[in-house]
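Structure first, then comments.
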Amino acid sequence: MPDTSSRSLRIFPSRRIRGTVTVPGDKSITHRALLLATLAEGESRLSGVLTGEDCLATIRACQALGAEIEFLNATTVRVKGRDRKLLAPAEPIDCGNSGTLMRLIAGILAGQPFSSCLIGDASLSRRPMARILVPLRQMGARIDAKGPGELPPLEIHGSQLHGIDYRLPLPSAQVKSCLLLAGLFASGVTRLQEPIPTRDHTERLLRHFGLWPIFDNGQLVVHGGVRLHGHDLFIPGDFSSAAFWIVAAAAFPGSELFVQGVGLNPSRTGLLKILLRMGATVKETIESCETEPYGTLEIRGERLRGTRIRGEEIAQVIDELPILAVAGALAQGETIIRDASELRVKESDRLAALAYNLRAFGVPVEELPDGLIIEGGHPLRAASVQSFGDHRIAMAFAILALAADGVSVIEDTACIATSYPGFEKDFESLTQSEIPGWGERAFRQIGHRWARWAKESLEDPAEARFPVVAIDGTAASGKTTVAQELARRLDFAYCSTGVLYRAMTWKLLQMGVDISNRFRVARAVGKIPMDCWIENHQLKIRVGDEDPSPYLRDPEVNANVSLVASIPAVRRYLLPLQRKLARQAPLVMEGRDIGTVVFPKTPYKFFLDADPLVRQERRRQQGETDLLLERDQKDRERKLAPLKPAHDAVILDTTRTTVNELVETILRHLKRKGMNLQ
Ligand SMILES: Nc1ncnc2c1ncn2[C@@H]1O[C@H](COP(=O)(O)OP(=O)(O)O)[C@@H](O)[C@H]1O
Ligand SMILES: Nc1ccn([C@@H]2O[C@H](COP(=O)(O)OP(=O)(O)O)[C@@H](O)[C@H]2O)c(=O)n1
């Protein structure tokens, strides 16, 4: 859950995505629709417009060329077009961070009877423009790139263009669109051939605004001088923004996500094909095919496996490669991305940024000149990483951070607004696994004290958001019985942490891992997809698709659990899972190290113990095979988080005290320590 107050995001781990999301309008379509509506005659009402920084720059640019643009509501604009007769802009047009704007508008401006200048921010000023300048000059354009090596700013001297036959040397929808727009103002016919098909929004929108047909013999054809006609348009949600949620939901088992009103243009949805190959479950329902297809996606979480992404496929997923790299890190096995050197000249050098940040999270990665080799499935450590000023890097690592073992920080996240205003809000609602109403109900029950506690404790990952009563103690001392009754009386959630260690033990035994070898266990643990959450006041656990509950008290689990619990990799893995529960509900949590390690700052700590013979007899009566005194000894002697009372715990001997008496005693202590009990 991110802290939205600053230009960095603090991400708490949470390995489940649940809910329904509608992402902001498509960036590519918004840019193009604004530009074409400006060129058209008459009015166009564009709804679903993205109002991120990049598209606001396009609105300002269109206004500078004389279009009248009025916001009718937050995401609908009315554009009064110029019917091709643009005004000369009084000042340089600032394209901000947007490569799309600079490259597309350069195509329009090249054929005008006036001069103009295009400038951009530091990142845009480093992005290559030769790819548009070469063919535009062939068409007769006179453009000076003022930066070194044909970089922006671009000084465009108006001239009369003529059509050309041009085969694009590299797949680029921006170059294609630039030349199509230039072709509108050129004499004769402009014919383009792409090496590989790229996103076809410009072609679809040209048709929408009345230019038909533009495909001829495998070539894209525009005739100079044609008029465009204003037309209303609904802009669907941006698939590239939805991609962050799609990958997160696909990669975290137990997730369930619906993405509504999202653009499903097949030239954009290559990511889905790749995710299916990685083992994802995705259902696509197209609801409209007019101009731009859109509809709903339903995604269910699975354990993904690595894949290879290369060749022609790269052009289809160029914007999604950052989040695909994250998918690779979350998947089992190797993911190889090749033929993607284009990523080095995006908003950042995305290959370098990805490699750097993946390593910070503990993902083994090799950076190649044209790609990455990512070894997925390793446990992730919390990290503090940079966005490199790149919105897609920032959002991709916000998703990866959900799987880390503690709170991570993504620095410099203001750039997210370029494509996804409202990202933090959606992040908050999709990643919190609270049961609706729980928090509110708990606040009502226990008063504003806890609301304050919850807020303050956000600053410290080791601290609970909701209050935690810690019950530690020896085996069969009565922890479960007492904690369950106490939780019932307080209306808190009951939570046994022993079951997490038991579930891990069961899975390791099932996988045939030699648990006496802690290195093998450490390696295996990283591959075990375990998650837990609170549902109906109870702790729920899932290991991949399996519910381990029926096996947790098997004799082999009893016999091995203390050994497994002594292995540091296991404790490291389970610690954040236990801590995150306190962000879901007030807890009575029982175990061995709750007061000492898991929630050392809670003031409510109790340690139960009883005569060993009595405890043995209690277990025998339960009909279980359990060498509990041996377990106690192992638990006491281990180096990490040994069984011992916290220095500030209340120690209770349960040998001759009834459960009811124990609960009453605990309630008295809680009251004395300031808990607000009715
Ligand atoms: N104070 C108590 N007096 C007598 N029996 C108890 C008491 N507390 C628990 N028991 C019984 O002892 C057994 C083990 O208790 P349990 O709560 O499962 O212990 P733990 O969780 O510490 O292993 C259960 O059968 C329970 O009913
Ligand atoms: N917080 C915890 C909880 C359990 N454990 C381990 O998990 C084992 C089983 O815990 P449990 O709570 O289910 O055991 P019982 O007391 O119910 O027999 C313990 O013996 C410990 O080895 C731990 O190390 N730390």
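No lab work stands behind these numbers, since they all come straight from the coordinates. On a predicted model such as this, the values are computed, not experimentally measured, just so you know. All Cβ positions, glycine included, derive from the backbone under ideal geometry; neighbour counts span all protein chains shown.
Summary of values
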read-out: Estimated 222 nm signal from helices in the chain, with DSSP H stretches of n ≥ 4 weighted -39500 (n - 2.57), rounded to 500; value: -10500 deg cm²/dmol
read-out: Full-stretch length increase - Ser267, His157 - with 0.36 nm per residue and alpha-carbon distance subtracted; value: 36.2 nm
read-out: Relative contact order, percent, the range 438-672 [alpha-carbon distance under 8 Å, six or more residues apart]; value: 31 percent
read-out: Percentage relative contact order, the range 14-61, counting C-alpha pairs under 8 Å, at least six apart; value: 45 percent
read-out: All lysines inside 16 Å of Lys634 as judged from Cα atoms, apart from same-chain residues fewer than 8 positions distant; value: Lys644
read-out: For the range 141-193 and the range 311-373, distance of Cα centres in Å; value: 30 Å
read-out: For Glu41, residues with placed amide H under 5 Å, excluding near neighbours; value: Asp83, Leu228, His229, Gly230
read-out: Hz values of 3J(HN,Hα) by residue in the range 141-154 - Karplus curve (6.51, -1.76, 1.60), Gly and Pro given as x; value: 6, 10, 10, 10, 8, 7, x, x, x, 6, 9, x, x, 10
read-out: Reachable lysines from Lys527, criterion Cα separation under 23 angstrom, eight or more residues apart if same chain; value: Lys507, Lys540, Lys580
read-out: Local electrostatic count at Gly301 - Lys and Arg +1, Asp and Glu -1, tallied over other residues with Cβ under 12 Å; value: +1
read-out: Whole-angstrom gap from the range 577-604 to the range 647-670, using each part's C-alpha centre; value: 18 Å
read-out: Relative contact order for the chain, counting Cα pairs under 8 Å that sit 6 or more residues apart, in percent; value: 12 percent
read-out: Per-residue ³J(HN,Hα) for the range 466-475, Karplus 6.51 cos²θ - 1.76 cosθ + 1.60, θ = phi - 60°, Hz, x for Gly and Pro; value: 9, x, 10, 9, 9, 10, 10, x, 6, 5
read-out: Gly96 long-range amide H proximity, modeled H, under 5 Å; value: Asp121
read-out: Cα-centre dipole for the range 438-672 with unit charges at Cβ (Lys and Arg positive, Asp and Glu negative), debye to 20; value: 560 debye
read-out: Amide hydrogen neighbours beyond the local backbone of Leu652, cut-off 5 Å, H modeled; value: Phe607, Leu608, Asp609
read-out: DSSP bridge orientation in the chain - percent antiparallel, rounded to nearest 5; value: 60 percent
